[in-house]
Structure formats: structure tokens, C-alpha cells
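What follows is a short report on a single structure.
The values are calculated or read from the model by the stated rules, or taken from the named source; none is laboratory data. Computed from a predicted model, the values in this text were never measured in an experiment. Here the Cβ positions follow ideal geometry from the backbone for every residue, glycine too, while neighbour counts run over all protein chains shown.
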Amino acid sequence: LVMEQQVKKDLFDTARKWVLEAGKTIRDAIDQPLTIDTKSNANDLVTHMDRETEQFFAEKIRAEYPEHFILSEEGYGDELKSDKGIVWIIDPIDGTMNFVHQKRNFAISIGIFQDGIGEIGLVYDVMNDILYAARRGEGAFKNEKKLLPLKKELRLEEAILVLNNYWTTPNNKVEDSKMQELIRKIRGTRSYGSAALELAYVAEGIVDGYITMKLAPWDIAGGMVLVNEVGGITTKADGEPINMLENNTILSCNKEIQETLLTDYIELKQ
Ligand code: IPD
Ligand code: CA
Ligand code: CA
Ligand code: CA
């Protein structure tokens with residue numbers, strides 16, 4: 001089933017309106033005290049704003065689109081066993097650590113998928129009021145500005161990659177010595193602490209790739225649609241397709257360097 005253009009446009013406009021509204025609520029409350037809890041470990045934070053923002057979307061979606069499904073981080077979504085139908089994949093605040101410690105560099109991320117295909121992507125840099133947005137087949141935008149297709153003939157020597165330092169230390173996912181070799185090869189690395197923004201930066205072409213070993217569907221759903229629209233690719237770190245119902249390793253990059261990264265540098269363990 002293909003989503004009809006006008007239906008997609010209306011859905012996009014509605015999602016966009018809600019994202020901007022939720023973002024304004026967060027911005028207006030940015031100096032208010034936060035209730036901070038931890039989840040899987042002491043560094044895995046969640047605040048009342050994460051929960052309230054997700055609830056805001058869940059209530060809106062259930063009222064307006066009762067037949068749609070929700071896959072989201074903080075527990076207000078549905079338990080999904082299949083990717084059939086229209087699924088809103090929501091991260092109410094991506095980069096909660098930044099939100100708590102820095103009060104910037106976090107995003108609201110929404111991907112709207114139909115039968116497993118990303119149709120709409122929205123990544124909202126809340127404090128900078130920058131909305132990255134895309135509809136499949138219609139290009140990606142940074143606010144009003146259309147993003148250009150990614151550079152052709154990019155050389156690895158000139159690439160900036162987003163890479164968390166953690167993956168260059170001994171770990172059970174990826175060969176750290178190969179990651180170190182990669183760092184010596186490329187022009188530079190960056191790490192911003194919000195996967196959604198990092199994917200948006202790949203789409204914008206201000207970084208050339210993002211490699212990481214564990215992300216949830218809501219971290220990547222919005223950003224993947226953006227990257228697709230400028231001719232980039234997002235796969236697992238072994239090049240295989242991503243499964244939107246579970247955690248994945250991630251390689252998102254300019255196609256020009258994908259093959260080299262996969263064959264010469266990313267050596268997965270297990
Ligand atoms: C996190 C951010 C971070 C990534 C973590 C994610 P959250 O999401 O995207 O950049 O490295 O793996 O869990 O918890 O802040 O929404
Ligand atoms: Ca989290
Ligand atoms: Ca996240
Ligand atoms: Ca989050």
C-alpha cells in the first residue's frame with residue numbers, strides 16, 4: 001500500500017505542528033527544575049519532560065489517528081510485534097543527558113513509517129528552533145532550506161565522522177584497534193550526544209557519517225528518512241538492513257565511503 005500524496009502531506013503538516021508545539025513547551029520550561037530519574041543505570045536519565053512530551057504526542061495521535069500505532073521510548077506507546085500499518089516512532093527527547101546537563105543539543109525525533117518504510121522524518125533541534133524535515137521522495141529540509149544531495153567522490157581522508165569515543169576503547173561490539181586506525185585515517189571526529197541530531201547532520205552534509213553500536217528504533221527513525229532523501233544510506237554496521245522493531249548497530253553515511261568503511265574498518269565482534 002502506498003501512502004497517497006495528499007494524505008502524506010496532511011499527516012506531515014499535523015506531525016510538524018505538534019513537534020513545534022511540543023518543542024515550544026520544552027523551551028519555555030527550560031529553566032524550571034527537573035524531576036530526574038535513572039533507568040537501566042546511573043547514567044541513563046529520564047525526566048518528567050521526556051515523559052510529558054511523549055504523553056502529549058500519544059494523546060494527540062490516539063485522538064486524531066486511532067488506527068495508527070506508536071513505538072516510543074518512555075512507555076506511552078504500543079507493544080508492537082509487527083511493522084505493518086502506520087507507525088509513529090517517537091523519541092520525545094533524544095539526548096536527555098544533554099537536556100539535563102547542557103540544556104541544549106537535544107531533539108524531538110519522529111519517524112512515521114508505513115509497512116516498514118519511512119515516509120516522514122522530523123528531527124527538531126529544540127533550543128535552536130531548527131526543524132529538519134523530510135517526506136519520502138520529496139527531499140529533506142532544514143527549516144525552509146532544501147538540503148543538497150550528499151557530495152560525490154568524497155574521500156575517507158577528507159571525511160568527518162561522528163563516533164562516540166566509547167567505541168574506540170575495548171568493548172564487546174566492535175574491534176577498537178580498527179576504530180583507532182579509522183580515526184587516524186580520516187580528517188576528524190565529532191560526537192554530539194543526540195543520535196537524531198547526528199543523523200540530521202549527516203543529511204545536512206556537515207559530517208560524512210555516523211557509526212555506533214547500539215541504537216533503539218526511536219533514536220534513528222526520523223533521521224533515517226532525512227538521510228535517505230539526500231542520497232545517503234543507513235544500515236546496520238555490517239551493511240545489513242535495519243530492523244525497526246529492535247536495537248541495531250548503525251552505519252549512516254555518504255554512499256561514497258560506505259564500502260570502504262564496511263570492508264576495511266568496521267569489524268564487528270561475536
Ligand atoms: C541517546 C542519544 C545518544 C546515544 C544513546 C541514546 P536518549 O538517546 O541518542 O546520543 O548515544 O545511545 O540512548 O536516551 O537521550 O533519548
Ligand atoms: Ca533515554
Ligand atoms: Ca534517544
Ligand atoms: Ca529519549
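Structural remarks
- Residue list for the stretch 20-59, restricted to those being out of contact with any helix residue (DSSP H, G or I) (no Cβ under 7 Å at 6 or more places or on another chain), within 15 Å of ligand 4 (Cβ to nearest atom) and among the acidic types (Asp, Glu): ASP37, ASP44, GLU52, GLU54
Conditions (1) more than 16 Å from ligand 1 (Cβ to nearest atom); (2) on the phi > 0 side of the Ramachandran plot, marked per residue:
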| residue | (1), (2) |
| --- | --- |
| GLU158 | yes, no |
| GLN180 | yes, no |
| ASN228 | yes, no |
| GLY239 | yes, yes |
| LEU251 | no, no |
| GLN258 | yes, no |
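- When GLY95, GLY139 are screened for being out of contact with any Ser or Thr (no Cβ under 6 Å at 6 or more places or on another chain) and among the small types (Gly, Ala, Ser), only GLY139 passes.
- Answer residue from the stretch 160-180, given it is under 19 Å from SER252 (Cβ atoms) and out of contact with any helix residue (DSSP H, G or I) (no Cβ under 6 Å at 6 or more places or on another chain) and is surrounded by the most Cβ atoms within 10 Å (Cβ to Cβ) among those: LEU161
- Where a residue in the stretch 212-227 is part of a helix (DSSP H, G or I) and its partner, wherever it lies, is more than 10 Å from ligand 3 (Cβ to nearest atom) and among the basic types (Lys, Arg), with Cβ under 7 Å and at least six apart: VAL225/ARG136
- Out of GLU138, GLU119, sole residue that is away from ligand 3 (no atom under 15 Å from the Cβ), outside any strand (DSSP E or B), modelled with pLDDT of 95 or more and acidic (Asp, Glu): GLU138
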